[in-house]
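Data block below; observations after.
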Amino acid sequence: MELKEMSVAEMAAMTASNSPAPGGGSIAAMTGAFGAALSAMVASLTIGKKAYADVKDEMQEVIDKAEELRLELLDAIQKDSESFDAFIAALGMPKDTDEEKAARTAAMQKSLKEAAGVPYQTAVTAARVMPLAEIVVQKGNAKAVTDGLVSAMMARTAVRSALLNVRINLESINDAEYVADMQKKCRDLEGSVVKAESYILSLVPELAYCKQ
């Protein structure tokens, strides 16, 4: 059974076990999926309301985009776990001869890049929830505005959590150029989502007490 097919209780129990996967990367992806789902929910609660008739088409676009992101992030739960499995497999390769050592090192370096690339893509995808959250907070059903705010907060958490998993893998990668490039991408992406979340929370200051 794929991780996304598990019940919430099953997923939580497996995460709490002594199994190293699912770990932080998978949970980051799941968090992003719920962030996307909340933006879709607010948009769905807006469509059909007379007071919001003028934003019907925009809300439908939010629903369509949020659904796409939700599904991508659900798939990322499994991808993150599998990328970790690939590293463990490389770690277990034989290392008795120079040739075996070289092959093992190459496999480990390749799997580490994959293990960094998967959560980075999770972060990129989760960041795309932010503009949807902004739209539903600004224009969506006011009775569900807190759900829009939580959508933004979940997206920020997903991005920053996924980037932690990128960074810890970068520490073991020998390709200095790759590492430097990824570090910059991580800094830029993290900065943008923190700024976006702060702005979205500022749209409803009477409710968003927790500000950075």
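Candidates Leu3, Leu74: the one that is surrounded by 19 or more Cβ atoms within 10 Å (Cβ to Cβ), within 14 Å of Ala158 (Cα to Cα) and not hydroxyl-bearing (Ser, Thr, Tyr) is Leu74. Across the stretch 189-212, the qualifying residues are those that are among the β-branched types (Val, Ile, Thr) and either at pLDDT 95 or above or not in a loop (DSSP other than H, G, I, E, B) (or both), and the one among them that is farthest from Thr105 (Cα to Cα) is Ile200. Residues that are among the hydroxyl-bearing types (Ser, Thr, Tyr) number at least 1 in the following helices (runs of 4 or more DSSP H) confined to the stretch 94-184: 98-127, 145-170. Among the residues of the stretch 145-183, the one identified as buried (at least 19 other Cβ atoms within 10 Å of the Cβ), out of contact with any Gly (no Cβ under 9 Å at 6 or more places or on another chain) and under 25 Å from Asp54 (Cβ atoms) is Leu149. Listed by first and then second residue, the pairs linking a residue in the stretch 102-118 that is under 20 Å from Lys184 (Cα atoms) to a residue that is of a type in the set (Lys, Arg) and assigned to a helix (DSSP H, G or I), with Cβ atoms under 9 Å apart and 6 or more places separating them unless they lie on different chains, are Ala116/Arg167; Val118/Lys79. A single member of Asp175, Asp188, Asp147, Asp80 is without any contact (Cβ under 8 Å) to a residue 24 or more places away in the chain and either within 14 Å of the chain's Cα centre (by Cα) or more than 21 Å from Ser19 (Cα to Cα) (or both), and it is Asp188.
Among the conditions (1) buried (at least 16 other Cβ atoms within 10 Å of the Cβ); (2) under 19 Å from Leu38 (Cβ atoms); (3) at pLDDT 95 or above, Cys186 misses just one, which is (2).
Only one of the listed residues (Glu100, Glu114) is at pLDDT below 95, surrounded by fewer than 19 Cβ atoms within 10 Å (Cβ to Cβ) and closer than 26 Å to Glu177 by Cβ. That residue is Glu114.
Taken together, the residues in the stretch 12-29 that are without any contact (Cβ under 8 Å) to a residue 60 or more places away in the chain and closer than 17 Å to Ala158 by Cα amount to 4. Within the stretch 12-33, being assigned to a helix (DSSP H, G or I) and buried (at least 18 other Cβ atoms within 10 Å of the Cβ) holds for Gly25, Ser26, Ile27, Ala28, Ala29, Met30, Thr31, Gly32, Ala33.
The values are calculated or read from the model by the stated rules, or taken from the named source; none is laboratory data. Quick caveat, the model's predicted, so the values are computed rather than measured. Positions of Cβ are generated from backbone atoms using ideal geometry, with glycine treated the same way; all protein chains shown enter the neighbour counts.
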